[in-house]
Amino acid sequence: MGYRLLCINPGSTSTRIAVFNDNEAEFSKNIKHSNEELEAMGKIQDQLNYRYELIKKTVESEGIDMAEIDAFVGRGGALRPMEGGVFSISEQMIDDCKTGKYSDHPSNLGCQLAILFANKHGKPSFVIDPPLIDEFHEVSRISGFAPIKRNSAFHALNEKAVARFIAEKLGKRVEDINMVTAHLGSGISVTAHLKGRCVDNTFGSGGDGPFSPERCGRLPADELLSSMQKFSEIKTAGDWKKEFSKKSGLVSYLGTNDVIAIEEKSIDDAEVKDVLDSMIYAIAKEVAAYCTIINWDADAIGITGAIANSEYIVNELSRHLDFIAPVFIFPGEYEMEALAQGAVRALNGEEKIKVY
C-alpha cells in the first residue's frame with residue numbers, strides 16, 4: 001500500500017478534488033458552484049466553510065474514511081514569489097492567503113482547506129509549486145523601462161509536472177536536462193527550464209508572449225498608446241485589463257474563444273485560417289526564442305494545456321519546432337497528478353520539504 005492523499009484544487013466556480021494512492025487516482029470529482037451561491041457569500045474567504053463541508057460530504061459519500069488519508073494537499077494560492085517545490089502549510093502561508101496579501105484568488109483557499117482536514121486528523125499538509133514561483137535569472141527581470149519589472153507568473157504547477165513527465169520519458173532527472181514548455185489554454189505561457197529551474201517565462205495575463213484565445217499577448221507600444229486614446233469608452237486601468245485579458249486574442253478577431261469551432265471554420269474560411277495560423281506562428285516563435293535562454297541546448301519541447309487537444313495546432317507547432325528538439329504533447333492539464341506526486345516525493349524523502 002502506498003500513501004493515500006486527498007488533493008484539493010479550488011477554482012473560481014468549482015473545487016476539484018481527488019483521492020490518490022501514491023500516483024494512482026482512486027476517485028476524482030469536480031464539484032461545481034453556482035455564481036449565485038458564491039456571490040451570496042460575499043468575499044472569497046467567506047467560501048471556506050462552504051467548500052470544506054462540500055468536500056467532506058463528497059469524499060465520505062464515496063465510502064472513503066478521512067482518517068485513512070495520509071496527507072492533505074492543496075493547490076498553492078497567491079503566495080510571495082519563491083522557488084518551486086513542496087511546502088508544508090504554515091501559519092504565515094495561511095495568513096497571507098486569508099488576507100489576500102499578494103492577490104485575492106479562489107486558489108488561496110487551497111492551503112486553508114488542506115490544513116483544516118490535516119489538523120482534524122493529525123496528518124501533514126502541503127502545497128506544491130504555487131503559482132508565483134520565481135526562479136528567474138536576474139537579467140530576466142529587466143523590462144527595458146526602469147519603472148517596470150518583469151515578474152515570473154505562469155502555469156507553474158502544470159508546466160513543472162509536464163517537465164517531470166518528459167524527463168521520465170527521456171530516462172533522466174529533470175534537474176539534468178533543459179527544455180521549453182508551452183501551456184496553451186485561454187491564456188498561454190511559455191517557460192524556459194534550465195536544469196529544473198524555470199529561469200524565464202511569458203506572463204500571458206500581463207500582456208507578454210503570444211496572443212491566446214482571450215488575451216492580447218505582447219503589443220507594439222506606439223500603436224497601443226494610439227488605441228488607448230481612440231477608445232474613450234474604456235476609461236480605467238481595470239477596464240483595459242479586462243479588455244486585454246478577456247476580450248482580446250481570438251475573441252477580438254473572431255468573436256469566440258472556441259478553438260475547435262475556429263479550427264473547423266478555418267477549413268473553408270481563409271481569413272479565419274489566417275488568424276488561427278497567426279496564433280500558432282506566434283507560439284512557435286516564442287518557443288524558439290526561449291530556446292536561446294537555454295543556449296539552444298534543449299533536450300525537449302513540451303506542449304500542454306487544453307488547446308494541445310487540437311491535432312491541427314500541435315501538428316503545426318511540431319512542424320515549426322521539431323528541428324530544435326523532440327516535441328512532446330501532453331493535452332489538458334495535470335494539476336491534480338502534480339499535487340499527488342509532489343506529496344509522494346516529500347513523504348518518501350525524495351524531495352526536501354520547504355518552509356514558507
Return the aspartates and glutamates within reach of K120: Cα separation strictly under 14 angstrom, same-chain partners fewer than 8 residues apart disregarded; answer none if there are no such residues. E53, D65, E68, D70
Given the options I307, A163, G196, identify the residue whose Cα lies farthest towards the positive end of the charge dipole of segment 156-331 (+1 on Cβ of Lys, Arg; -1 on Cβ of Asp, Glu). G196
Return the percentage of antiparallel bridges among DSSP beta bridges fully within segment 38-134, rounded to the nearest 5 %. 40
For Y50 paired with E24, estimate the spin-label separation in nm (one decimal), with each label point 7 Å from Cα along the Cα-to-Cβ line. 3.7
Can you sort K352, K160, K56, K123 so the residue with the fewest Cβ neighbours within 10 Å comes first? K352, K56, K123, K160
The size of the Cβ-based charge dipole (Lys, Arg +1; Asp, Glu -1) of the chain about the Cα centre, to the nearest 20 debye, is 920
Take K352 and K43, extend 7 Å from each Cα along the Cα→Cβ direction, and tell me the distance between the two endpoints in nm. 3.6
Between segment 127-141 and segment 329-350, how far is it from one alpha carbon centroid to the other, in angstrom? 18
Nearest-5 percent of antiparallel DSSP beta bridges in the chain? 60
Percent antiparallel among DSSP beta bridges (both partners in segment 156-331, rounded to 5): 50
Taking a ≥ b ≥ c as the square roots of the Cα gyration tensor eigenvalues, with a/c under 1.5 meaning rounded and otherwise prolate when a/b beats b/c, else oblate, which class fits segment 119-218? prolate
If one computes the Cα centroid of segment 227-243 and of segment 174-198, what distance in Å separates the two points? 32
Spin-label point model (7 Å from Cα, Cβ direction): what's the N151 to K235 distance in nm? 2.6
Among the lysines, which have Cα under 21 Å from the Cα of K265 when same-chain residues fewer than 8 positions away are ignored? K247, K273
Looking at the chain as a GNM with Cα springs under 10 Å, which of G63, G204, G255 has the largest mean-square fluctuation? G63
Filter the chymotrypsin sites (Phe, Trp or Tyr not before Pro) in segment 232-331 down to the DSSP loop ones having no more than 10 other Cβ atoms within 10 Å, then list what survives. F323
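Only four residue types carry charge here, +1 at the Cβ of Lys and Arg and -1 at the Cβ of Asp and Glu. Report the dipole size of segment 156-331 about the Cα centre in Debye, rounded to the nearest 20.
On the way: 19 positive and 26 negative charges, 137 e Å.
The calculated dipole for segment 156-331 is roughly 660 debye.
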Only Cα pairs under 8 Å and at least 6 apart count here; give the relative contact order of the chain as a rounded whole percent. 17
Net charge near S205 (other residues with Cβ under 11 Å of its Cβ; Lys, Arg +1; Asp, Glu -1) is +1
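No lab work stands behind these numbers, since they all come straight from the coordinates. Small disclaimer: the values here were computed from a predicted structure and weren't measured. Methodologically, a virtual Cβ is constructed for each residue, glycine included, from the backbone with ideal geometry; neighbour enumeration extends over all protein chains shown.
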